[in-house]
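Reading through the structure tokens given below for one structure.
The values are calculated or read from the model by the stated rules, or taken from the named source; none is laboratory data. Because the structure is predicted, anything quoted here is derived from the model rather than measured. No Cβ is skipped: glycine too gets one built from the backbone with ideal geometry, and neighbour counts run over all protein chains shown.
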Amino acid sequence: MRSGTTLLTHLLTTNPDVIGYGETHTNYTDASDFKTLLKKVYWQAQDFRRLGDVQNLRMNHQYVMDKVLHNKKFLNSDFLQSEQVYVIFLLREPERSLASIADLNPHWSQQDTIEYYGKRMAMLVNYARLINTPKRLLVVTYEQMLDNTPQVLTRLQQFLQTPTPFTEEYKVLKTTGMKGVGDPKGKIKAGKIVRSQRQLSQSFPAELVASANQIHHDCQAALVELCQSVDTAIDEN
């Protein structure tokens, strides 16, 4: 949460081979939940303004995307081992991430925020270890999306093997900026990557930031070991 997932969602779903709109709030227990995901995505991710738009309901995309931010969404994580599931982990440096979480959840204490962050980062590593198939795992950082955009876009195409390349300009969807789906506060409606970051009203003590930095470092190191990464793409070029 608050790692740039709304931006990544838009970069992904602008590609004609990927359909999605953000966080669907689906709980995954058995195969029927993937049917629920399809229904949600194909209804919410499309505009139906004319009769002819019904053709958009054809399920001819290579990937259907869900954005999963919380640990209790995979009630049966065995589904992650399916060869059809590809996972992109997105990390963000913790100081701004924590401040953004606190800004969005003012009812949380700072301890609540750091506990969420630590548990979430640990769960990402657990997912990667469970899948244990690097060809289906990619780790990207928010900083790379902003500062090394061409390499990230190239790596996304390599990882998903889409005929169409990814671009930093994206479609503004009917769900863009909708609370509960993605970031309602950012500059996401710009239709392109905006590299200036907004001021946040929250700050954390140095000792909590240091603890979060260690959590982030350990998580990123583990994911880079288990997954493909953008650094690999840069090295290959």
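There is no residue in region 129-139 that is more than 15 Å from the chain's Cα centre (by Cα), outside any loop (DSSP other than H, G, I, E, B) and among the hydroxyl-bearing types (Ser, Thr, Tyr). Of all the numbered requirements in (1) part of a helix (DSSP H, G or I); (2) touching a residue at least 12 places away in the same chain (Cβ under 8 Å), Pro163 misses one, and that requirement is (1). With respect to the conditions (1) in contact with a helix residue (DSSP H, G or I) (Cβ under 7 Å, 6 or more places away or on another chain); (2) modelled with pLDDT of 90 or more; (3) of a type outside the set (Phe, Trp, Tyr), Gln62 lacks only one, and its number is (1).
Can you spot a residue in region 113-126 that is surrounded by 14 or more Cβ atoms within 10 Å (Cβ to Cβ), over 22 Å from Thr36 (Cβ atoms), hydrophobic (A, V, I, L, M, F, W, C) and modelled with pLDDT under 95? Yes, because at least one residue in region 113-126 is surrounded by 14 or more Cβ atoms within 10 Å (Cβ to Cβ), over 22 Å from Thr36 (Cβ atoms), hydrophobic (A, V, I, L, M, F, W, C) and modelled with pLDDT under 95. Filtered by the rule that a residue be closer than 13 Å to Leu90 by Cα and in a helix (DSSP H, G or I), region 140-157 gives Tyr142, Glu143, Gln144, Met145, Leu146, Val152, Leu156.
Just to check your reading of the model, which residue among Asp218, Asp231, Asp183 is at pLDDT below 95, within 29 Å of Asn132 (Cα to Cα) and not aliphatic (A, V, I, L, M)?
Answer to the selection: Asp231.
Being at pLDDT 95 or above, out of contact with any Phe, Trp or Tyr (no Cβ under 6 Å at 6 or more places or on another chain) and either part of a helix (DSSP H, G or I) or not hydrophobic (A, V, I, L, M, F, W, C) (or both) is the requirement here; does Lys72 meet it? When the stated conditions are applied, Lys72 does not pass them.
Applying the condition of being touching a strand residue (DSSP E or B) at 6+ places or on another chain (Cβ under 6 Å) and under 19 Å from His217 (Cα atoms) to region 127-154 and asking which residue is surrounded by the fewest Cβ atoms within 10 Å (Cβ to Cβ) yields Leu137.
Inspect all residues belonging to region 185-199 and state whether any of them is touching a strand residue (DSSP E or B) at 6+ places or on another chain (Cβ under 8 Å), outside any helix (DSSP H, G or I), surrounded by 14 or more Cβ atoms within 10 Å (Cβ to Cβ) and on the phi > 0 side of the Ramachandran plot. Checked against the condition, which is being touching a strand residue (DSSP E or B) at 6+ places or on another chain (Cβ under 8 Å), outside any helix (DSSP H, G or I), surrounded by 14 or more Cβ atoms within 10 Å (Cβ to Cβ) and on the phi > 0 side of the Ramachandran plot, region 185-199 yields at least one hit.
Inspect all residues belonging to region 157-168 and state whether any of them is of a type in the set (A, V, I, L, M, F, W, C), surrounded by 18 or more Cβ atoms within 10 Å (Cβ to Cβ), within 30 Å of Gln199 (Cβ to Cβ) and touching a strand residue (DSSP E or B) at 6+ places or on another chain (Cβ under 8 Å). No, because not a single residue in region 157-168 is of a type in the set (A, V, I, L, M, F, W, C), surrounded by 18 or more Cβ atoms within 10 Å (Cβ to Cβ), within 30 Å of Gln199 (Cβ to Cβ) and touching a strand residue (DSSP E or B) at 6+ places or on another chain (Cβ under 8 Å). Filtering Lys174, Lys192 for residues that are of a type in the set (Lys, Arg), farther than 20 Å from Tyr86 by Cα and free of Cβ contacts under 8 Å to residues at least 40 places away in the same chain leaves a single hit, Lys192.
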